[in-house]
Amino acid sequence: MNLLNLFQGVGTLFYQEPKIAIARIVLILLGMLMVYLGKRKILEPLIMIPMGFGMLAVNAGVLFLSASQTGTLFMDPLVTDTDSLMNIMQIDWLQPIYTFAFSNGLVACFVFMGIGVITDVECVLKYPFTGMLIAMFAELGSIATFPIAHAMGLTYGEAAAVSLIGGADGPMVLFASLFLAKDLFVPITIVAYLYLSLTYGGYPFLVRLMVPKDIRATVVKTAAKKSITSGEKLAFDVVGCAVLCLLFPSAAPLFVSFFLGNAIRESGIERYTKLIEDVFLYGATFLLGLMLGVLCEASTILNPKILILLFLGIVALLLSGIGGIIGGYVIYFISNKNFNPVIGIAGVSCVPTTAKVAQKEVFRVNRYSYILEYAMSASICGVITTAILTGIYVTLVPLM
């Protein structure tokens with residue numbers, strides 16, 4: 001008996017082209033590294049551990065489907081013919097999830113609904129002008145990266161999708177990529193989640209570089225504000241959802257997911273709240289990580305556009321961070337220096353990571369400066385502005 005036919009994962013390494021075989025080995029090792037970094041909390045474990053396992057398993061588990069064809073029993077994202085799709089859904093164990101929950105953006109919307117149910121919009125209603133102005137400045141990366149990406153050879157759709165990495169919102173990048181860059185949605189989304197895991201480590205250095213220590217220590221003096229009632233928050237959700245869906249219907253699934261999640265939170269429906277947070281949010285996050293890992297077959301890493309995406313992802317997040325801090329400085333001078341520009345970094349909407357980064361950097365130089373409410377306002381507004389920009393891209397880019 002030929003052992004290579006018995007142990008087909010190994011045997012296919014000798015059958016495939018050397019570059020494919022090497023790429024498979026690299027991705028298996030990369031998957032193991034992701035699991036390790038997730039366990040150590042260096043990267044986000046909720047995404048990286050299932051993604052790492054999916055990546056190493058799909059590249060190790062290649063078998064002979066016929067005498068001249070290799071493949072896996074995970075899924076085939078390229079199948080479009082109805083008869084072939086029905087057949088493969090009975091064979092590939094993740095194909096039904098990919099077809100009915102992933103490729104249509106359902107998983108991304110579930111994650112967004114979960115974000116809504118764990119988000120308190122009180123900070124937004126207390127400081128709406130401050131939060132929204134900073135959030136708009138923090139979209140610098142999502143806007144400025146678009147022409148750079150197109151100049152580097154990406155199509156308008158691919159350029160728009162990779163530019164949204166600057167919004168630091170993974171579900172948004174996935175949603176836009178599925179509409180605008182179907183062929184590259186896997187590497188774009190993976191680059192987004194890899195970099196979002198690193199924002200907690202990278203943005204503090206940007207804050208220290210752009211904001212002098214004495215300004216970082218600024219204490220924001222504000223008059224006491226009355227608490228926002230749950231009824232007022234619910235009204236914000238209802239009106240916000242209606243207006244944004246009217247203006248940007250292409251992003252309506254994202255808007256209704258976020259605002260519905262938040263409305264359920266404010267309505268005090270504990271059973272739905274628990275369902276969305278414990279099942280929808282964490283279940284969708286798990287499936288998102290696993291599916292992205294499984295989609296990382298060797299052919300993905302050999303795409304010549306990967307290096308461009310890696311570069312543009314860094315550019316988008318860097319420019320967004322710079323734009324947010326510039327927005328913080330604008331309010332700093334408008335308010336006669338009664339504002340802390342560090343809050344600007346929170347406009348990059350990686351909720352609540354960037355808000356924590358802002359508070360932590362301020363706390364390092366002044367233990368009496370509390371800016372978290374302002375930072376959370378900017379961060380939540382960043383979610384809204386990124387969703388709006390996603391709607392604009394999804395609507396206009398196909399017309400270009």
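The values are calculated or read from the model by the stated rules, or taken from the named source; none is laboratory data. Everything numeric here is computed off the predicted structure, so don't read it as measured data. Don't worry about glycine lacking a Cβ; one is built from the backbone with ideal geometry, like all the others, and counts go over all protein chains shown.
Some values worked out for this structure:
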| item | result |
| --- | --- |
| Qualifying residues in segment 368-383 (those that are within 15 Å of Val342 (Cα to Cα) and hydrophobic (A, V, I, L, M, F, W, C)) - the one surrounded by the most Cβ atoms within 10 Å (Cβ to Cβ) | Ala378 |
| Residue list for segment 76-105, restricted to those being buried (at least 17 other Cβ atoms within 10 Å of the Cβ) and either small (Gly, Ala, Ser) or touching a residue at least 60 places away in the same chain (Cβ under 8 Å) (or both) | Pro77, Leu94, Ile97, Tyr98, Ala101, Phe102, Gly105 |
| Residue list for segment 174-226, restricted to those being in contact with a Gly (Cβ under 7 Å, 6 or more places away or on another chain) and part of a loop (DSSP other than H, G, I, E, B) | Ala181 |
| Extreme residue, nearest to the chain's Cα centre (by Cα), among residues of segment 196-210 that are under 17 Å from Gly382 (Cα atoms) and buried (at least 20 other Cβ atoms within 10 Å of the Cβ) | Leu196 |
| Cβ pairs under 8 Å, 6+ apart, first in segment 64-75 and within 16 Å of Ala21 (Cβ to Cβ), second assigned to a loop (DSSP other than H, G, I, E, B) | Thr70/Gln16; Thr70/Val62; Gly71/Val62; Gly71/Leu65; Thr72/Gly61; Thr72/Val62; Thr72/Asp92; Thr72/Glu297 |
| Qualifying residue in segment 162-172 (condition: of a type outside the set (Val, Ile, Thr), part of a helix (DSSP H, G or I) and modelled with pLDDT under 85) | yes |
| From Val191, Val219, Val243, residue being farther than 30 Å from Leu302 by Cβ and either under 25 Å from the mean Cα position of the chain (by Cα) or without any contact (Cβ under 8 Å) to a residue 60 or more places away in the chain (or both) | Val243 |
| Residue identified as farther than 23 Å from Asp76 by Cβ and in the same structural domain as Ile215 (by TED's automatic domain parsing) among Phe286, Phe339 | Phe339 |
| Test: residue in segment 9-25 that is out of contact with any Leu (no Cβ under 8 Å at 6 or more places or on another chain) and among the β-branched types (Val, Ile, Thr) | yes |
| Test set (1) assigned to a loop (DSSP other than H, G, I, E, B); (2) under 30 Å from Val62 (Cα atoms); (3) without any contact (Cβ under 8 Å) to a residue 24 or more places away in the chain - Leu307 fails condition number | (1) |
| From the options Ala252, Ala217, residue that is in contact with a helix residue (DSSP H, G or I) (Cβ under 9 Å, 6 or more places away or on another chain), closer than 17 Å to Ile384 by Cβ and of a type outside the set (Val, Ile, Thr) | Ala252 |
| Enumerated helices (runs of 4 or more DSSP H) restricted to segment 6-77, each holding at least 2 residues that are charged (D, E, K, R) | 18-39 |
| Residue match in segment 54-67 (condition: under 26 Å from the mean Cα position of the chain (by Cα), surrounded by 15 or more Cβ atoms within 10 Å (Cβ to Cβ) and over 16 Å from Leu288 (Cα atoms)) | yes |
| Residue list for segment 348-358, filter: assigned to a helix (DSSP H, G or I) and modelled with pLDDT under 90 | Thr353, Thr354, Ala355, Lys356, Val357 |
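Okay, residues lined up against (1) of a type in the set (S, T, N, Q); (2) at pLDDT 90 or above; (3) within 23 Å of Ser142 (Cβ to Cβ):
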residue: Leu295; (1), (2), (3): no, no, no
residue: Ala298; (1), (2), (3): no, no, no
residue: Leu310; (1), (2), (3): no, no, yes
residue: Val315; (1), (2), (3): no, yes, yes
